[in-house]
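This report refers to the structure that appears directly beneath it.
Just so it is clear, none of the values below were taken in a lab; they were calculated from the coordinates. Since the structure is predicted, the reported quantities are computational estimates derived from the model, not experimental observations. So basically every Cβ, Gly included, is an ideal-geometry build from the backbone, and we count neighbours across all protein chains shown.
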Amino acid sequence: MIQYRHCVTFLAPLHPAARPLGGLAAEVSPRRIHLSPPHLTGREAAALQAVLDSGWVAPAGPAIPAFEAAIGAVTGFTQVLATASGTAALHLAFRVLDIAPGDEVWAPGFTFVATIAPAVQMGAVPRFLDVDAGSWTLDPDLLRRELRAAARRGRLPRAVVAVDIYGQAAELDAILAACGHWGVPVVSDSAEGLGATIRGRHAGRGALLATLSFNGNKIVTAGGGGALASDDPVLIGRARHLASHAKDPAPHYQHSATGHAYGLSSLLAAVGRVQLADLAPRVAARRAIFARYAAGLADLPGLSFMPEAPWGMATRWLTALLVDPVRFGTDREALRESLDAAGVESRPVWKPLPLQPIFRDAPAAGGTVAEALFARGLCLPSGTGMEAGDQDRVITAIRDACRA
Ligand SMILES: *Cc1c(COP(=O)(O)O)cnc(C)c1O
């Protein structure tokens with residue numbers, strides 16, 4: 001989602017001379033500020049060297065169980081499988097739930113496409129539900145009503161995916177209660193929820209299966225990677241089997257099912273483990289960036305920030321705000337363009353999946369909240385490697401756009 005090429009220099013404050021534009025151009029254009037570039041700790045190289053020295057560079061060896069144990073320690077899940085991406089973890093979740101062609105899988109419409117794409121590729125029919133304006137996550141009241149109507153039709157979903165958004169945990173307890181009534185399993189797409197809490201426990205905890213992402217733009221990164229987590233050893237055992245080509249126990253290659261090459265490289269696992277150790281300070285830093293935006297923009301008319309839901313602590317992975325075009329004086333797109341001209345990357349919040357060309361004909365329930373968020377919502381640079389002076393540039397550019 002973000003371009004590594006830009007980030008490497010952005011993230012190397014020890015080498016200020018090595019800027020992407022170089023020479024004269026560097027003096028004319030200030031360096032570009034990105035949305036959420038990877039933030040390296042400085043300890044990754046030693047961890048990589050240790051794996052190289054050990055010779056275990058494949059998706060096997062001690063770095064992988066060590067990373068899985070670290071993920072378990074942070075989240076509380078007893079069973080963890082490290083995967084090549086968050087999307088791979090979602091695919092494995094749908095595989096172990098035996099999603100079959102024609103099955104319905106429900107998800108909030110306000111999310112990244114990867115939440116549902118693997119299920120659609122398996123032949124599932126997606127149904128998109130609206131989110132709640134107070135949390136921007138799946139609306140449990142709507143879910144309850146829709147489940148009742150689906151039961152009357154005799155066509156309950158095979159799974160519901162709850163999604164943590166921009167570092168805020170979905171209202172999982174209400175979602176689990178609604179789905180539990182009908183025996184529908186819940187998967188938590190917690191790719192954006194790492195480090196967030198719900199009623200004191202980690203986001204996603206309580207779902208039958210939860211997925212995480214260690215992509216370069218997330219709160220901590222392995223340089224790519226993900227995880228599937230659960231408290232059910234049978235489900236994770238099956239996922240582990242499918243993740244490495246579903247090899248049956250035999251001296252020759254034997255398969256009773258087809259699997260995937262979804263294991264995480266030991267090299268990336270080592271990087272992920274180093275990064276994960278910094279999760280708590282990263283959460284504090286993202287929240288501090290949010291607070292600084294809120295303070296620096298508080299007096300401007302027509303801006304409102306993503307609310308923090310009462311049931312937990314959000315990480316503020318990305319600071320997201322809504323722009324009221326009448327009161328602010330310009331709309332979200334014009335603001336985004338003026339930030340772009342000032343060398344600041346910002347991005348509209350998720351375009352609702354029911355509005356995506358591929359899902360035009362998919363069934364949906366509600367959607368006006370997600371559409372209103374998309375019309376006005378903007379994500380601001382929130383990377384923890386961002387210096388205060390960089391954030392001041394973003395704040396100044398927003399203030400200038402308001403005055404203009
Ligand atoms: C990042 C993300 C994913 C996918 O994770 P990858 O590791 O990039 O495959 C899935 N869902 C959501 C909501 C995400 O933000």
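The distance between label points at ALA295 and VAL326 comes to 3.3 nm (points 7 Å beyond Cα on the Cα→Cβ vector). Net charge dipole, the chain: roughly 140 debye, given to the nearest 20, about the Cα centre with Cβ charges of +1 for Lys and Arg and -1 for Asp and Glu.
Listed by number, the DSSP H helices of the chain that run 24 Å or longer by alpha-carbon position along their axis and have mean Kyte hydropathy of at least -1.0 are 279-297. Report, in whole Å, the centroid distance computed from the Cα atoms of region 219-255 and region 54-75. With region 219-255 and region 54-75 each reduced to a Cα centre, they are spaced 13 Å. Considering only alpha-carbon pairs that sit under 8 angstrom and 6 or more positions apart, the relative contact order computed for region 92-177 is 32 percent. At R0 = 25 Å, how high is the FRET efficiency between GLU337 and ASP392 if r is their beta carbon distance? Nearest 0.05 is fine. According to the calculation, E is roughly 0.75. D by Stokes-Einstein for region 44-276, Kirkwood Rh over Cα pairs, 10 °C, 1.306 mPa s: 89 µm²/s. Remark on region 257-404: ratio of C-alpha radius of gyration to 2.2 N^0.38 Å is 1.26. Once you divide the Cα radius of gyration of the chain by 2.2 N^0.38 Å, the number left is 1.00. Note on ARG153 and ASP53: their simple-model spin labels are 6.0 nm apart, each label 7 Å out from Cα toward Cβ. For region 365-404, the alpha carbon convex hull comes to 73 Å³ per residue, rounded to a whole number.
Per residue, the average separation of C-alpha pairs within less than 8 Å and at least 6 apart gives the chain a relative contact order of 22 percent. The residue among GLY183, GLY55, PHE94 whose Cα reaches farthest toward the positive pole of the charge dipole of region 44-276, with charges on the beta-carbon of Lys, Arg, Asp and Glu, is GLY183. Shape call for region 245-342 from the C-alpha gyration tensor, a ≥ b ≥ c root eigenvalues: rounded (a/c under 1.5), prolate (a/b greater than b/c) or oblate? In terms of gyration-tensor shape, prolate.
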